[in-house]
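Here's the structure we're looking at; comments come further down.
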Amino acid sequence: MLFLLSIGPSGQKDYLIPRAKQVLEEAQIIVGYKAYVEAIQTHIVPETQIFTYPLGEEKKRAEHALQLAQQHEKVVLISSGDINIYGMAAITYEMLAKEQINLKIEVIPGVSAFQTLAARIGAPIGQDFCCISLSDHLIPWQSIEKRIQAAAMANFVTFLYNPRSSQRKWQLEFTRQSFLKYRNPQSPVAVGKSLGHSREEVYLSTLKDLSPQDIDMFSILLIGNEDSFVHQNLMITPRGYPTPKENDIQSRSFQHILSLWPQTQRTKYSKEFLWAALRCIHTTGDPTLWKDLFLTTHALSQWHEYLIQGGTLVTDVQTVATGLETYRKQYGNSIICHLNKTKLPNLGEQSTRTQRGIHDAALQHPKALFVIGNAPTALSEVLKLYEEKLIAPQGIIATPVGFINVLEAKARMKKVKSLPYALIQGHKGGSPLATALVNSAFSLPEASRFL
């Protein structure tokens, strides 16, 4: 009989399942890569016969194990992690089928490298995920490239095995660039090196900042999806469970809105756009409002990361601050509005109080997220300060409403190329829409439940 046995990450005894320990202690013969055998030495009894092979001789290992198993009762072929995940199980069963060998085999599962990395960094695989090996030693690169593109497009949480070696130096950067076409540059990335060894290293980065030169063959990577976020140096991918406090009427309203919105139209837009539009339509009762919404790529996901870390917002009207009170309490955000401040700067006789208030607040909080919910003069003032490089905001949410100076201010907003922004075009707008757009950024992980 042949046992295909998984030893987990680097053979750590605490990660061996009880069945694996039992089989190792009863084994007559053990076949495996030399380093793996050494890792489980404490579980091997002295009389066990051992055959070791160097790295790269997987086929010889499998052939020898099958030959021995036809002559002995308990032959064990070992593999690190889980033997079914880039391990020895596949090649062994291939030979079994090809040679028509009649042999009883038991596969003993184990803790894989991707599970180990996930456990080290929090809860990153609450949604669908996939694993891709970047090694083209056994799989043509053309096939690997298709899988990379598909995983990036489909928003899978993605683990990368065999990311880089001395012979394969460009594939990881290609993969990073492929994901950047579809993912937020700030998407979290986890790196695990030599998992299970004394030299183990685990750290977090982002798609934008990941340095392929720092990665080696002993590393495994995890790329989060659009919902993944970092909290206290942990990566979390929300599962999307409904909460007991959730308003069922709101959920039913969202479903009704989506039923009015043709699928052929929805497929043209990103999930971020659809979520922002859904929240705006729900706020106004206008099912055509999506036609007036403009949202730059990845704006919501960038703002989500900023806001859940307690980021500051500057707004022109107090009603926006009131509408964000629930999230403000949850994440500790500061919401700045100087409209009613006693002393404001003199910007000339033609300036409005809203304009002066936003000017004053902007200079005091130049890196905030700006939310213009009512006044076109406030939007024009923020854009003026930005053009003069006096502020460097996280972005602008612009929903000024009315008929005087509104179209001109919004046209000026659309000329901005290097700043994430959301805009309700035309004469429509108002602080409820501005609040809805900010709330769509706060609640972005919830989008997966509806879209």
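Please list 3J(HN,Hα) in residue order for the range 166-183, calculated via the Karplus relation 6.51 cos²θ - 1.76 cosθ + 1.60 where θ = phi - 60°; whole Hz, with x for glycine and proline.
5, 9, 10, 9, 9, 5, 5, 5, 4, 5, 4, 5, 5, 5, 5, 5, 10, 10
In the structure shown, do any of Lys367/Lys417; Lys329/Lys410; Lys343/Lys389; Lys329/Lys367 have a Cα-Cα gap over 26 Å, and if so which?
Lys329/Lys410
Excluding Ser219 itself, calculate the net charge of residues whose Cβ lies under 10 Å from the Cβ of Ser219, where each Lys or Arg counts +1 and each Asp or Glu counts -1.
Around Ser219, the surrounding residues sum to -1.
With angles folded into 0 to 90 degrees, how steeply does helix 431-442 sit against the dominant principal axis of the chain? Use alpha carbons for both and round to 10.
That helix lies at roughly 10 degrees to the long axis.
Tell me the net charge near Ala65. Cut-off is 14 Å between Cβ atoms, Ala65 excluded, with +1 for each Lys or Arg and -1 for each Asp or Glu.
Residues near Ala65 contribute -2 overall.
Divide by every residue of the chain the summed helix terms, -39500 (n - 2.57) for each DSSP H run of at least 4, and state the resulting mean residue ellipticity at 222 nm, rounded to the nearest 500 deg cm²/dmol.
-10500 deg cm²/dmol
How far is helix 89-98 tilted, in degrees, relative to the longest principal axis of the Cα atoms in the chain, given as a value from 0 to 90 rounded to the nearest 10?
50
Of Lys21/Lys146; Lys181/Lys428; Lys74/Lys193; Lys59/Lys208; Lys21/Lys60, which ones are farther than 30 Å apart at the Cα?
Lys21/Lys146; Lys181/Lys428; Lys74/Lys193; Lys59/Lys208
Given a 1.4 Å probe, how much area per residue of the range 305-443 is accessible, in Å²?
Roughly 44 Å² per residue, with all protein chains present.
If you count the DSSP beta bridges with both ends in the chain, what percent of them are antiparallel, to the nearest 5?
Given both bridge residues lie in the chain, the antiparallel proportion sits at roughly 35 percent.
Using a 1.4 Å probe on the protein heavy atoms only, what accessible surface does Arg19 show? Give it in Å² to the nearest 10.
80
Need one number: nm distance between label points at Gln70 and Ser205, each 7 Å from Cα along Cα→Cβ, rounded to one decimal.
Once both label points are built, they end up 4.8 nm from each other.
Only residues of the range 67-83 count here: report those whose backbone N is under 14 Å from the spot 7 Å along Cα→Cβ of Arg19, or say none.
82-83
For Lys181 and Gln12, calculate 0.36 nm times their separation in residues minus their Cα-Cα distance, and state this gained length in nm to one decimal.
So the extension gain works out to 57.0 nm.
Between Leu407 and Gln309, take the C-beta separation as r, use R0 = 41 Å, and let me know the FRET efficiency to the nearest 0.05.
After rounding, the FRET efficiency stands at 0.70.
Name all residues of the range 181-219 having a backbone nitrogen under 14 Å from the label point set 7 Å from the Cα of Glu173 along its Cα→Cβ direction, giving them as ranges.
Backbone N within reach: 210-215.
For Thr342 and Glu47, calculate 0.36 nm times their separation in residues minus their Cα-Cα distance, and state this gained length in nm to one decimal.
Result: 97.4 nm gained on full extension.
Among the GluC sites (Glu not before Pro) in the range 329-395, which ones are in a DSSP loop with at most 11 other Cβ atoms within 10 Å of the Cβ? Mind listing them?
Glu349, Glu388
For the range 189-203, what does the Karplus curve 6.51 cos²θ - 1.76 cosθ + 1.60, with θ = phi - 60°, yield as ³J(HN,Hα) per residue in whole Hz, taken in order and with x for Gly and Pro?
Values, residue by residue: 10, 10, 10, x, 10, 6, 4, x, 8, 5, 8, 3, 9, 10, 8 Hz.
If you rank Ile336, Ile220 by how much accessible surface each has, with a 1.4 Å probe, what is the order from largest down?
Sorted by accessible area, descending: Ile336, Ile220.
What is the dipole size for the chain, taken about its Cα centre, with +1 at each Lys and Arg Cβ and -1 at each Asp and Glu Cβ, in debye to the nearest 20?
It comes to approximately 1320 debye.
Multiply the residue gap between Leu138 and His427 by 0.36 nm, knock off their C-alpha separation, and tell me the result in nm, one decimal place.
Full extension from Leu138 to His427 adds 98.1 nm.
Quick one: pull the percent of accessible area on the chain belonging to carbon and sulfur, 1.4 Å probe, ligands and nucleic acids left out.
With neighbouring chains kept in place, the figure for the chain is 51 percent.
So, R0 is 25 Å and r is the distance between the beta-carbons of Glu57 and Ala97; what FRET efficiency does that work out to, to 0.05?
0.75
Go ahead and run the numbers for FRET between Asp214 and Ala150, Cβ-Cβ distance against an R0 of 25 Å, rounding to 0.05.
0.40
With each pseudo-label sitting 7 Å past Cα toward Cβ, what's the Ser166-Ser194 distance in nm, one decimal?
That separation, rounded to one decimal, is 1.7 nm.
Starting with the highest mean, order 177-184, 44-51, 432-439, 418-425 by the number of other Cβ atoms within 10 Å, averaged over the residues of each peptide.
The most tightly packed comes first, giving 432-439, 418-425, 177-184, 44-51.
In whole Å, what is the distance between the alpha-carbon centres of the range 158-189 and the range 338-415?
40
Net charge around Gly32, counting only other residues with Cβ within less than 13 Å of its Cβ (Lys, Arg = +1; Asp, Glu = -1)?
Spelling it out: positives minus negatives among the neighbours equals 0.
The values are calculated or read from the model by the stated rules, or taken from the named source; none is laboratory data. Computed from a predicted structure; not experimentally measured. All Cβ positions, glycine included, derive from the backbone under ideal geometry; neighbour counts span all protein chains shown. Note: areas computed on protein heavy atoms with side chains; ligands, DNA, RNA excluded. Shrake-Rupley method; radii C 1.70, N 1.55, O 1.52, S 1.80 Å.
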